[in-house]
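As structure tokens, the structure follows; a few thoughts come after it.
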Amino acid sequence: ILFAHRRSEIYSFPMHFPLVQLDSWPAFIRAKFSYVVHSISFPHENHEEWSQLFKPCASQRLFLPMMLKEVDSLLYPVELIWDMLTHFNSTRLVAMTPEELRIAWCSRLASTLNGMTSVGLHWDKLLMPLLQEYKLNITWGDQDLTNIIFHYNPEMIFTFPCPWNYRPDHCIYGSNCILAEEGGCFNATWQQAVYDLINQLFTIFWQYIFGEDLIKSFLFPLEEALNRTTHTYGGKVSNFFTRGLGMSVRKIQKMLPAGG
């Protein structure tokens, strides 16, 4: 929201975060978005089984198509992704970033599942039979179910390049995302290897006061904070995280009136 050029509509499914804070944000920030709050919910039938599949905040994503029937497309931030989604064709349903099997966490720790035939996508009618068939052989709940579906229906997937899901695997075992080296990364998976870096990033965001100079009060403190994490895997590539962010900050700052 802070760096958005276009107005956004947010659909929130909070568990703990007090969204009432959003209404206290300055008017010039509130003008950038509207939001609708939904409770986390599962189909009435088999509710107990779905709610215990993995974590409620993860498993409920399986049912977004049913809960948000009026919404044509939905994504987790950021604004630039909308431009990439113009490449969707009529068969694509989701966008994902690939994992390099040589280093991927899931390929090392999760089981390979086989045996599903190609299906037509009637999402709500598809999920429960899959759960019944595979529930004794899956570990990661909703992620496993979607992996099964899209493995056998690859035409439904649009592939994002690796900077859109920069993972610890990309920096622990050498540099394994060349595009991030060249243009920075735009989204990162939060795991222990990059905990210090992501923690500093969140801290600077929380400390920033709306209306202050974005370069002096956000970007410079962020770069200084990340320089303190260079002893970690994530900290060694902290410039990947600030490169694209710095471009956005400077672009927004130029658009603000003097002193704003």
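A few points about this structure:
- All positions within segment 211-260 that are in a loop (DSSP other than H, G, I, E, B), in contact (Cβ under 8 Å) with a residue 60 or more places away in the chain and in contact with a Gly (Cβ under 7 Å, 6 or more places away or on another chain): 211
- If only residues of segment 41-60 that are exposed (fewer than 15 other Cβ atoms within 10 Å of the Cβ) and at pLDDT below 75 are counted, the one that is farthest from residue 131 (Cα to Cα) is 57.
- For segment 147-210, the helices (runs of 4 or more DSSP H) that sit wholly inside it and include 2 or more residues that are without any contact (Cβ under 8 Å) to a residue 60 or more places away in the chain and either among the hydroxyl-bearing types (Ser, Thr, Tyr) or open to solvent by 40 Å² or more (accessible area, probe 1.4 Å) (or both) are 178-183, 195-207.
- Scanning segment 222-234 for residues that are open to solvent by 40 Å² or more (accessible area, probe 1.4 Å) and within 24 Å of the chain's Cα centre (by Cα) yields 223, 233.
The rows are residues; the columns are (1) farther than 29 Å from residue 85 by Cα; (2) in contact with a strand residue (DSSP E or B) (Cβ under 8 Å, 6 or more places away or on another chain); (3) modelled with pLDDT of 85 or more.
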residue	(1), (2), (3)
170	no, no, no
185	no, yes, no
188	no, yes, no
232	yes, no, no
251	no, no, no
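Conditions tested, residue by residue: (1) at pLDDT below 80; (2) more than 23 Å from residue 139 (Cβ to Cβ).
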residue: 11; (1), (2): no, yes
residue: 15; (1), (2): yes, no
residue: 28; (1), (2): no, yes
residue: 77; (1), (2): yes, yes
residue: 99; (1), (2): yes, no
residue: 108; (1), (2): yes, no
residue: 112; (1), (2): yes, no
residue: 117; (1), (2): yes, no
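The values are calculated or read from the model by the stated rules, or taken from the named source; none is laboratory data. Computed from a predicted structure; not experimentally measured. Cβ: placed from backbone, ideal geometry, glycine included. Neighbour counts: every protein chain shown. Just so you know, the surface numbers come from the protein's heavy atoms only, side chains and all, with ligands and any DNA or RNA stripped out. Shrake-Rupley method; radii C 1.70, N 1.55, O 1.52, S 1.80 Å.
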